[in-house]
1. Based on alpha-carbon centroids, what's the gap between the range 93-139 and the range 20-92 in Å, whole number please?
2. Give the shape of the range 7-91 as rounded, prolate or oblate, defined through the alpha-carbon gyration tensor: a ≥ b ≥ c are the square roots of its eigenvalues, a/c under 1.5 means rounded, and otherwise the shape is prolate if a/b is larger than b/c and oblate if not.
3. Between the helical axis of 94-103 and the dominant principal axis of the chain, each derived from Cα atoms, what acute angle in degrees is found, rounded to the nearest 10?
4. For a Förster distance of 25 Å, can you work out the FRET efficiency between the beta-carbons of residue 141 and residue 104, rounded to the nearest 0.05?
5. If we sort 211-219, 77-85 on the protection proxy, mean other Cβ atoms within 10 Å, highest first, what's the order?
6. For the range 2-111, give the share of DSSP beta bridges that are antiparallel, in percent and rounded to the nearest 5; count only bridges with both residues there.
7. Compute the acute angle (0 to 90°) between the alpha-carbon long axis of helix 63-76 and the principal axis of greatest extent of the alpha-carbon atoms of the chain; round to the nearest 10°.
8. Which residues in the range 13-38 have a backbone N closer than 11 Å to a point placed 7 Å from the Cα of residue 48 along the Cα-to-Cβ line?
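Any read-out appearing in this document is the output of simple, stated calculations on the displayed coordinates, not a laboratory observation. In this text, all values refer to a predicted model and were calculated from it rather than measured experimentally. Every residue, glycine among them, receives a Cβ derived from its backbone with ideal geometry; neighbour counts consider all protein chains shown.
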């Protein structure tokens, strides 16, 4: 019995790793998220499937229910794949699932995935670091679990580049907070459906990006690296 926590990458099915494909090919059960591209499931030809996707304001399964499904299937099946969008340990709650499984004596192995925080900007030619402009970046969630007893997100406002995941629902609040520490003219780039055929790129500044039509799923990049992207597109 083994459960693999597998990163599916940022969306484009060609960006999944070879190791992830090999694990899927031997899977008996695949438990997958909304952000894991359905095209990837074709590699698990002999597996059963359970969908446990979540989206803002509508959770198909709560996290405790997902943990229990993993435990039950991990006890019954030889190879279970928990397929998660991006990387399992970058705001994917993979650590919680790992601990729940280990507490029940179920073996866990890990297959990293390309997080959208890096994959989506890179795919459009937006470097998150650039010599002389950005020597640091931070990745932060723009939406905390509302069931938490107290707020835990700690923003590093000193980072040259700030990458916000799951932040569309609180975009106005987040931009307003950032303007306390950064120039309102600081450039911003939003990438909707990164690496996918329906990808959209919206640019602006801290003070006006909220005036644009932006829909989830999307990530937000704040910093002067956005100017490098715009220059490359001229």
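1. Cα centres, the range 93-139 to the range 20-92: 17 Å.
2. Values: a/c = 1.82, a/b = 1.07, b/c = 1.70.
It comes out oblate by the Cα gyration axes.
3. 30 degrees
4. Working: r = 28 Å, r/R0 = 1.10.
E(calc), rounded to 0.05, equals 0.35.
5. Numbers: 211-219: 15.6, 77-85: 24.0.
Top of the packing list down: 77-85, 211-219.
6. Details: 3 of 22 bridges.
Roughly 15 percent of the beta bridges in the range 2-111 run antiparallel, per DSSP.
7. Once rounded, the angle reads 30 degrees.
8. Backbone N within reach: 28-30.
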